[in-house]
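Beneath this line is the structure, given in structure tokens, with notes to follow.
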Amino acid sequence: MAIRGRAHKVGDHIDTDLIIAGRYLVTTDPVKLGEHLFEDLDPGLRQRIRPGDVLVAGENFGQGSSREHAPLALVGAGVAAVVAASYARIFYRNAFNNGLLLLECPEASRAVQDGDELEIDPQTGEIRDLTRGELYRAKPIPPFMQELTQLGGIIPYVRRRLGREAS
Amino acid sequence: MGMTITEKILASHADLAKVEPGDLVECRVDMLFANDITAPLAIQQFERIGVDRVFDPDRVAFVLDHYSPSKDIASAEQCRITREFVRKHGLPHFYDVGRAGIAHVLLAEEGFVAPGELFVGADSHTCNHGALGAFATGVGSSDLAAAMATGRLWFRVPPTLRFVFRGTLPRWVTGKDLVLRIIGDIGVDGARYAAMEFAGPVLQQLSMDERFSITNMAVEAGAKNGIMEPDEAVLEWIRPRARRPFQPVYSDPDASYAAVHEYDVTDMQPVVSAPSSPANVVPVTEVTGVRVDQCFIGTCTNGRIEDLRQAARVLAGRRVHPDVRLLVIPATPRIYRQALEEGLIQVFLDAGAAVSTPTCGPCIGGHMGVLADGEVCVSTSSRNFIGRMGHRGSRVYLSNAAVAAAAAVAGKLVHPDEVVREPARV
Ligand code: SF4
């Protein structure tokens, strides 16, 4: 199903402390975590994000701490997908494991402006900037990550594998 | 074409003769752990998998270190979840208040990771253990749960970047300064998805404690792991500790590297990472005079005995500046005890420092020294991101322990030589 929402732009090297500050890591509830999303980056940003919106980031999004609370906070705040020029590795794995769609697309990361209306096709990786009438194509998701995404992350993947091994 | 130490460890744990960068492999995990922040989520995910037991209780550790002793009711609840899981599954390697230290330092000290092994932890600084010649990497809680259920985890084989140090280390220049220098040069994503292999004759001039500071911060350059080939010093260190027989692994002479960076350390100075990126690295002399409110010596990067000795060398017979708070937090109970026996704790108390039981504490802005708006801290930790240690308007300079101690005495950033005047590196 296509994702349609407004773009919220953030910069390069956004770390997981900025996504969700250490002081809030005392719960695993995505909604509670989502309430404090980006609090130290831009205290007004959380209020501007509507369910279904898209985060557009620069290079190395999600660097730093391995806290899986970061993708959970994004999910909890209703962010439907992230488009970035590149991702830090632990965040990348964590996002896939929590069903958060990540698209890698340096062109869109540069060109899309804050507030643009975006339409994303998760299957093809096509990112349409409806405000500007532009089309971008994200780097294809590696086949193994696609498989993980289709199953809903590493947990269902392991369940299925263990089930197979038992039979 | 040969393999690097990282490639060899991944290959052997995937039962493959050969792997190459980019290969996707599923590896056996020798040991894994989670902490009080990441364990509750890992436990939740583990229970979703629906298996009754962890793959091998002897290869699983839980360490309460971040907000422990619990800072509030919510963090106490997180610890309770972890304690209940540990009891239910009869897990033998559980470290609670009084016996707990910062996991990376504690688990190495306790011999849970040995050369040639593969170690994962639900904490990004798990790369710390690479100083032992092991492949060690941080993962999220879901990945940890998967490994806890199956004893296996998938990895993409990283390309390796090699960093070679030559020359003679000047006084006050430590392993921390070397790794900060690299991060300053290549940036916070300079080793993204890659392995960082550290080598060269300078490593022999470093204590094990200083070597751990280097591999510990590989993640600050975006690396998957940091690693050193296990020389005699490593083998001597690990032999009395290791809990299992192990097989050291070395890079082949014809291994292929994505890049090789050479450093001559002879003219280096102590450096700091200025706010608010670990890559914002400058010699301490360039920021001399910056006023500080708090200095913090501790963490998985620099809370080891060698760091405390360096700090004590600066603080002995001196007092913390009246406008500064100095916090000293030994990383583990064993280090605490050793510091006590060596008289270091006495030096810290005489200087007017606050000394605490082992915890991550201020490093993550949780408790034990949270910063107010506009405050400046010199910290021996690994991250100075906005808001990391408290208010988003606070500012953190990362340094080695001697620089942090010197700043505590001077009330401002200075080269340690300005506080201590003696010849020769000791
Ligand atoms: S000391 Fe700091 S960096 Fe190290 S594990 Fe604790 S919170 Fe993380």
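Given a 1.4 angstrom probe, I'd like the percentage of the accessible area of the range B:271-418 that is carbon and sulfur, rounded to a whole number.
Ligands and nucleic acids excluded, carbon and sulfur give 47 percent.
Filter A:K139/B:K224; B:K176/B:K224; B:K18/B:K176; A:K9/A:K139; A:K32/A:K139 down to the pairs with a C-alpha to C-alpha distance above 23 Å, please.
Checking Cα-Cα distances, B:K18/B:K176; A:K32/A:K139 exceed 23 Å.
When a/c is below 1.5 the answer is rounded, else prolate if a/b is larger than b/c, else oblate, so apply that to chain A with a ≥ b ≥ c taken from the square roots of the Cα gyration tensor eigenvalues.
oblate
Quick one: check the C-alpha center-to-center distance for the range B:213-284 versus the range B:63-134, whole angstrom.
Value for the Cα centre distance between the two parts: 22 Å.
Figure the gain on full extension for B:T285 and B:R156 (residue separation times 0.36 nm, minus the Cα-Cα span) and round it to one decimal in nm. Intermediate values should be presented prior to the final figure.
Numbers: separation 129, 0.36 × 129 = 46.44 nm, distance 4.11 nm.
Full-extension gain reported as 42.3 nm.
Report the accessible area of B:Y263, computed with a 1.4 Å probe over the heavy atoms of all protein chains in place, in Å² rounded to the nearest 10.
Accessible area, nearest 10 Å²: 20 Å².
Looking at the range B:67-109, which residues lose a minimum of 40 Å² of accessible area between their chain alone and all protein chains in place, measuring with a 1.4 Å probe and not counting ligands or nucleic acids?
B:Y67, B:Q78
Out of residues 5 or more away from B:F163 or on other chains, whose amide H comes under 5 Å of its own, with H placed 1.01 Å from N in the peptide plane?
For B:F163, whose amide H was placed from the backbone, the distant partners under 5 Å are B:E197, B:F198, B:A199, B:H261.
Can you say what percent of the DSSP beta bridges in the range A:3-140, counting only those with both residues inside, are antiparallel? Round to 5.
50
Quote the total accessible area buried by chains B and A together, excluding ligands, DNA and RNA, probe 1.4 Å, nearest 100 Å².
3900
For the pair B:A76 and A:L45, what calculated FRET efficiency results from E = 1/(1 + (r/R0)^6), where r is the Cβ-Cβ distance and R0 = 45 Å, to the nearest 0.05?
It comes to 0.90.
Would you compute, from DSSP H runs of 4+ residues alone, the mean residue ellipticity of chain B at 222 nm, taking -39500 (n - 2.57) per run and dividing by the full residue count, rounded to the nearest 500?
Details: 13 runs with 123 residues, N = 426.
Helix-only estimate at 222 nm: -8500 deg cm²/dmol.
State, as an integer percentage, the relative contact order of the range B:172-266 based on alpha-carbon contacts under 8 Å between residues 6 or more apart. If you can, show how the numbers build up before the last one.
Details: 86 pairs, mean separation 27.8, N = 95.
Computed value for the range B:172-266: 29 percent relative contact order.
Net charge near B:I182, counting Lys/Arg +1 and Asp/Glu -1 over other residues with Cβ under 15 Å of its Cβ? Before the final figure, lay out each step's value.
On the way: positive: B:R162, B:R166, B:K176, B:R181, B:R192, B:R211; negative: B:D177, B:D185, B:D189, B:E197, B:E210, B:E220, B:E262, B:D264.
It works out to a net charge of -2.
Considering only DSSP beta bridges with both partners in the protein assembly as shown, what is the antiparallel share in %, to the nearest 5?
30
Can you compute 3J(HN,Hα) from phi for each residue in the range B:126-135, using the Karplus curve 6.51 cos²θ - 1.76 cosθ + 1.60 with θ = phi - 60°, rounded to whole Hz and x for Gly and Pro?
4, 4, 2, 6, x, 4, 8, x, 10, 8
For B:V376, which sequence-distant residues (separation of 5 or more, or a different chain) have an amide H within less than 5 Å of its own amide H, given hydrogens modelled in the peptide plane?
B:D293, B:Q294, B:R395
What order do B:S276, B:S141 take when sorted by accessible area (1.4 Å probe), most exposed first?
Ranked from most to least accessible, the order is B:S276, B:S141.
State the percentage of accessible surface on the range A:1-148 attributable to carbon and sulfur atoms; use a 1.4 Å probe and exclude ligands, DNA and RNA.
Numbers: 2670 of 5400 Å².
On the range A:1-148, the fraction of accessible area on carbon and sulfur atoms equals 49 percent.
Taking a ≥ b ≥ c as the square roots of the Cα gyration tensor eigenvalues, with a/c under 1.5 meaning rounded and otherwise prolate when a/b beats b/c, else oblate, which class fits the range B:5-263?
Prolate is the answer for the range B:5-263, as a/c is 1.5 or above and a/b outweighs b/c.
Pull up all non-local amide H partners of B:V249: gap of 5 or more, or a different chain, and H-to-H distance under 5 Å with H placed in the peptide plane.
B:G116
May I ask you to evaluate 6.51 cos²θ - 1.76 cosθ + 1.60, the Karplus curve with θ = phi - 60°, for each residue of the range B:260-277 and list the ³J(HN,Hα) values in order in whole Hz, giving x for glycine and proline?
Here the 3J(HN,Hα) series is 10, 10, 10, 10, 9, 8, 4, 9, 6, 10, x, 10, 10, 9, 7, x, 10, 9 Hz.
Which order do the peptides B:301-308, A:22-29, A:119-126, B:98-105 come out in when sorted by mean C-beta neighbours inside 10 angstrom, highest first?
Most protected by this proxy first, the peptides run B:301-308, B:98-105, A:22-29, A:119-126.
Nearest 20 debye, what's the magnitude of the dipole of the range A:3-140 about its Cα centre given +1 on Lys and Arg Cβ and -1 on Asp and Glu Cβ?
With only Lys, Arg, Asp and Glu charged at Cβ, the dipole is about 220 debye.
Which whole-Hz ³J(HN,Hα) couplings does the range B:82-95 yield from phi under the Karplus relation 6.51 cos²θ - 1.76 cosθ + 1.60, θ = phi - 60°, glycine and proline marked x?
Each residue's phi maps through the Karplus curve to give 5, 4, 5, 5, 4, 5, 4, 9, x, 7, x, 9, 10, 10 Hz.
Across peptide B:35-45, how many C-beta atoms of other chains are within 10 Å of each residue C-beta, on average? Can you show the working numbers first?
Values: counts 1, 2, 9, 7, 0, 4, 8, 2, 1, 2, 8.
Across the residues of B:35-45, the mean count of other-chain Cβ atoms within 10 Å is 4.
Accessible area per residue for the protein assembly as shown in Å², computed with a 1.4 Å probe and the full protein assembly in place, what is it?
Ligands and nucleic acids excluded, the result is 35 Å² per residue.
The values are calculated or read from the model by the stated rules, or taken from the named source; none is laboratory data. On a predicted model such as this, the values are computed, not experimentally measured, just so you know. All Cβ positions, even for glycine, are placed from backbone atoms using ideal geometry, and neighbour counts span all protein chains on display. Note: areas computed on protein heavy atoms with side chains; ligands, DNA, RNA excluded. Shrake-Rupley method; radii C 1.70, N 1.55, O 1.52, S 1.80 Å.
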